[in-house]
Amino acid sequence: MYTRRKFFRDSLIGGILAGNADFWLKNAPYLSKPDKDALPVAIATWGPNVKATAAAWEVLAAGGRALDAVEAGTRVPEADPEDTSVGYGGFPDRDGHVTLDACIMDEFGNAGSVSFLEHIMHPISVARLVMEKTPHVMLSGEGALQFALERGFKQENLLTDTARAAWEEWKMKAEYKPKINVERHDTIGMVAIDMKHRIAGACTTSGMAFKMRGRVGDSPILGAGMFVDNEVGGAAATGLGEMVLRTLGSFLVVEEMRRGAHPQKAVETAVKRIARKYPEQSKENQVGFIALDKKGRHGAFGIHQGFNYALYQRGENKVFEAGSLLGK
Ligand code: SD4
């Protein structure tokens, strides 16, 4: 049924495509100004990840390296069985396998990534070792698992009873239809800057629930799920990975900041680009970005309402609602 709500949403997309809908910029609450206390800072996608920014802050406040902070932070949801979008407890693919994607990047532009990795609770730490201990950037599937086991990671069953029950229920209809902000889109993308102005980023996820076996999303792809450049800042994405993959969204955000855009403007540009290129998919799917620039200013924006993020800055760890292109 074509409801009033859908009509409203379609009209909004139409307005934005016509280029006359900058209304949401007028009261953007994020135009934060840098000050001497802006660093260190850690930002992460999704409110429940305050626990992750807290873990990152411990490293940052002790004078540690941003790379260690983002790894420590993103390991928190990876080990949390309640988080059904990341690591242990993540919802499986449509064949019942939990398959994980992750990437990490440091202040020198070094990067490591794993995709389609099974049985390892901390893919972000495997990604870091790919970066530090191999001549490669990305390992995938069985090769990634073999590498992790050789490096001493434990092989574990990551499918919890809750996730298995959700999968059993899903199988009754077996319909692949991601829902906006409903699947607990808790992929964690995190960017941090330490006291020495070093920037690092990390992103880790079990991907879209009930995806096809072998499907890899945006999260382990540098420039799509996450990207940092120490001269500029960093960004990370969440939501329907296919839309982010086709637009290299995080790279776009960083490049916009390189051209002088405030992080808030940069994330809005990326979301607008996606909505313009994929208007149909944008009606039904969420994509959100977080960004930090070198000065410690941040931005966050999604296609739809309901995207939130955690920010630890000036000694305070808080959750904020991100702005959005469309209403619900
Ligand atoms: C993916 N972008 O695999 C991820 C999913 C996600 O919160 O962000 N979930 O497409």
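This table checks each residue for (1) closer than 19 Å to Ala235 by Cβ; (2) at pLDDT 95 or above; (3) touching a Cys at 6+ places or on another chain (Cβ under 8 Å).
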position	(1), (2), (3)
Leu12	no, no, no
Leu31	yes, no, no
Ile43	yes, yes, no
Asn49	yes, yes, no
Glu58	no, yes, no
Ala62	no, yes, no
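Tell me, which residue of segment 231-258 that is open to solvent by 40 Å² or more (accessible area, probe 1.4 Å) and farther than 18 Å from Val86 by Cα is farthest from the ligand (Cβ to nearest atom)? Among residues in segment 231-258 that are open to solvent by 40 Å² or more (accessible area, probe 1.4 Å) and farther than 18 Å from Val86 by Cα, the one farthest from the ligand (Cβ to nearest atom) is Glu231. Please determine, by comparing only the residues of segment 291-306 that are over 15 Å from Glu268 (Cβ atoms) and open to solvent by 10 Å² or more (accessible area, probe 1.4 Å), which one is nearest to the chain's Cα centre (by Cα). Residue satisfying both the conditions and the ranking: Gly306.
Being in contact with a Gly (Cβ under 7 Å, 6 or more places away or on another chain) and either over 21 Å from Ala200 (Cβ atoms) or part of a helix (DSSP H, G or I) (or both) is the filter here; which residues of segment 246-261 pass it? The answer is Ser250, Phe251, Val254, Met257. Residue count for segment 73-100, restricted to those that are surrounded by fewer than 24 Cβ atoms within 10 Å (Cβ to Cβ) and under 22 Å from Ile199 (Cβ atoms): 2. Examine segment 218-227 for a residue that is more than 11 Å from the ligand (Cβ to nearest atom) and touching a Lys or Arg at 6+ places or on another chain (Cβ under 9 Å), and state whether such a residue exists. Within segment 218-227 (the criterion being more than 11 Å from the ligand (Cβ to nearest atom) and touching a Lys or Arg at 6+ places or on another chain (Cβ under 9 Å)), the answer is no, since none of the residues qualifies.
The values are calculated or read from the model by the stated rules, or taken from the named source; none is laboratory data. Remember, predicted model here, so these are calculated numbers, not experimental data. All Cβ positions, glycine included, derive from the backbone under ideal geometry; neighbour counts span all protein chains shown. SASA here: full protein model, heavy atoms, side chains in, ligands and nucleic acids out. Shrake-Rupley method; radii C 1.70, N 1.55, O 1.52, S 1.80 Å.
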